[in-house]
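Written out below as structure tokens is the structure these notes cover.
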Amino acid sequence: MVIEPGMLEVNEITVESTQIPKEFNGTKIAFVADFHYGEFVNEDRVRYVVSKTNEQNPDIIILGGDYVTDNKKNINPCINMLSDLKAPYGVYAVLGNNDPKDATEEAINQTHIQSLRNQGLWIEKNGEKIRLGGVGDLSTDLHYPRVTTNPASADDFVILVYHNPNYFPEINHYKTDLSLSGHTHGGQINLFGYAPKVQPASNGKQYLSGLYEENGSKLIVTNGVGETKLPFRFMAVPQITIVKLVST
């Protein structure tokens, strides 16, 4: 429990779909969440995660929220460090339940990182495109997924980012091909699959870590990199999640 918080694994998950354009075949998305800077995570740790993420040479980087744990004074230092993240097709971010909304949004907007808080956009590559967007946190913000999904056709590949995976049962699975979430810390204390810290979703399911699929729509939940309440982890190693898109 003491050793795991200092570890960091790179977890690669492959997502295959006929809706992924050929130009995006092999595209790598780095997904990182739950830094909780200032509580138990210090500057050296954040800089290490940033460096390790950049080392993966991702095409796109997406940040999944909870950059701090409610403390406004930690927002600017954390976001400034995260602004060292680089990817040719952009760095994007949503907010988590522990991020003071207005202050965090303002800090993000002062960098090259693009906010996905109830925003959607197209990422284009050699004449082909995928749709990327996000919504506010499930318990602390508003959610407008149609900003992302409405401009997309049934043939488009759509990625929706939201901090809490318990939003997964609420989305339009038929217009959202891939969801990315954090929040759970992989349970933080994960007793062989039993993680009492993680609340089940409205459908009674617990989306703890890894890849899930329902009604043809996929959800990836990352373990995140920081801790809250206690500086311990067990069977929930901090991670950078690399999502590899494969066109079939």
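The values are calculated or read from the model by the stated rules, or taken from the named source; none is laboratory data. None of these values were measured; they are calculated from a predicted model. Cβ atoms come from the backbone with ideal geometry, glycine included; neighbour counts cover every protein chain shown. Note: accessible area is taken over every heavy atom of the protein model, side chains too, but ligands, DNA and RNA are not part of it. Shrake-Rupley method; radii C 1.70, N 1.55, O 1.52, S 1.80 Å.
Please pick out the residue among Val237, Val221 that is among the aliphatic types (A, V, I, L, M), in contact with an Asp or Glu (Cβ under 9 Å, 6 or more places away or on another chain) and within 25 Å of Asn42 (Cα to Cα). Talk me through it step by step, then tell me what you get.
Values: Val221 fails: in contact with an Asp or Glu (Cβ under 9 Å, 6 or more places away or on another chain).
Answer to the selection: Val237.
Tell me which of these Trp122 doesn't satisfy, since it passes every other one: (1) open to solvent by 30 Å² or more (accessible area, probe 1.4 Å); (2) touching a Lys or Arg at 6+ places or on another chain (Cβ under 8 Å); (3) more than 17 Å from Ile62 (Cβ to Cβ).
Only one criterion in (1) open to solvent by 30 Å² or more (accessible area, probe 1.4 Å); (2) touching a Lys or Arg at 6+ places or on another chain (Cβ under 8 Å); (3) more than 17 Å from Ile62 (Cβ to Cβ) is unmet by Trp122, namely (3).
Since Asn203 meets every condition but one in (1) assigned to a strand (DSSP E or B); (2) in contact (Cβ under 8 Å) with a residue 12 or more places away in the chain, which condition does it not meet?
(1)
From the list Gln188, Gln206, which one is open to solvent by 60 Å² or more (accessible area, probe 1.4 Å), over 30 Å from Glu23 (Cα atoms) and not β-branched (Val, Ile, Thr)?
Being open to solvent by 60 Å² or more (accessible area, probe 1.4 Å), over 30 Å from Glu23 (Cα atoms) and not β-branched (Val, Ile, Thr) holds for just one of Gln188, Gln206, which is Gln206.
Where the second residue is outside any helix (DSSP H, G or I) and basic (Lys, Arg) and the first is within 16 Å of Ile113 (Cα to Cα) and lies in region 44-63, which pairs have Cβ atoms under 7 Å and are six or more apart or on separate chains?
Qualifying pairs under 7 Å: Asn54/Lys86; Pro58/Lys28; Asp59/Lys28.
Could you please give the count of residues in region 98-129 that are among the polar types (S, T, N, Q) and in a helix (DSSP H, G or I)? Talk me through it step by step, then tell me what you get.
Within region 98-129, the subset among the polar types (S, T, N, Q) is 98, 104, 109-111, 114-115, 118-119, 126.
Filter once more, keeping what is in a helix (DSSP H, G or I): 104, 109.
The total comes to 2.
Condition check ((1) under 25 Å from Gly133 (Cα atoms); (2) at pLDDT 90 or above; (3) touching a helix residue (DSSP H, G or I) at 6+ places or on another chain (Cβ under 6 Å)) across all residues:
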position	(1), (2), (3)
Gly187	no, no, no
Lys205	yes, yes, no
Gly226	yes, yes, no
Ile240	yes, yes, yes
Leu245	yes, yes, yes
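Quick check on region 69-86: of everything there that is open to solvent by 20 Å² or more (accessible area, probe 1.4 Å) and part of a loop (DSSP other than H, G, I, E, B), which residue is farthest from Phe31 (Cα to Cα)?
Asn71
Go through Lys229, Lys205, Lys218 for me and flag whichever is basic (Lys, Arg) and under 17 Å from Asp66 (Cβ atoms).
On the way: Lys205 fails: under 17 Å from Asp66 (Cβ atoms); Lys218 fails: under 17 Å from Asp66 (Cβ atoms).
Testing whether each residue is basic (Lys, Arg) and under 17 Å from Asp66 (Cβ atoms) leaves just Lys229.
Here are some conditions: (1) part of a strand (DSSP E or B); (2) of a type in the set (A, V, I, L, M, F, W, C); (3) in contact with a Lys or Arg (Cβ under 7 Å, 6 or more places away or on another chain); (4) open to solvent by less than 10 Å² (accessible area, probe 1.4 Å). Leu95 meets all but one. Which one does it not meet?
Here Leu95 clears every test but (1).
Anything in region 134-148 that is open to solvent by less than 10 Å² (accessible area, probe 1.4 Å) and either more than 14 Å from Ser181 (Cβ to Cβ) or part of a loop (DSSP other than H, G, I, E, B) (or both)? List them, or say none.
Our first condition is that a residue be open to solvent by less than 10 Å² (accessible area, probe 1.4 Å); within region 134-148, this holds for 134-137, 148.
Hits for region 134-148 are Val135, Gly136, Asp137, Thr148.
For (1) in a strand (DSSP E or B); (2) open to solvent by less than 60 Å² (accessible area, probe 1.4 Å); (3) over 23 Å from Tyr67 (Cβ atoms), each residue gets a yes or a no:
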| position | (1), (2), (3) |
| --- | --- |
| Leu160 | yes, yes, no |
| Tyr167 | no, yes, no |
| Tyr212 | yes, yes, yes |
| Val225 | no, yes, no |
| Thr241 | yes, yes, no |
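So, in region 1-24, exactly how many residues are in a loop (DSSP other than H, G, I, E, B), open to solvent by 30 Å² or more (accessible area, probe 1.4 Å) and either touching a Gly at 6+ places or on another chain (Cβ under 8 Å) or closer than 20 Å to Lys175 by Cα (or both)?
2
How about region 51-68: which of its residues are open to solvent by 10 Å² or more (accessible area, probe 1.4 Å) and not hydroxyl-bearing (Ser, Thr, Tyr)?
Going through region 51-68, the residues open to solvent by 10 Å² or more (accessible area, probe 1.4 Å) turn out to be 51-52, 54-57, 59.
Hits for region 51-68 are Lys52, Asn54, Glu55, Gln56, Asn57, Asp59.
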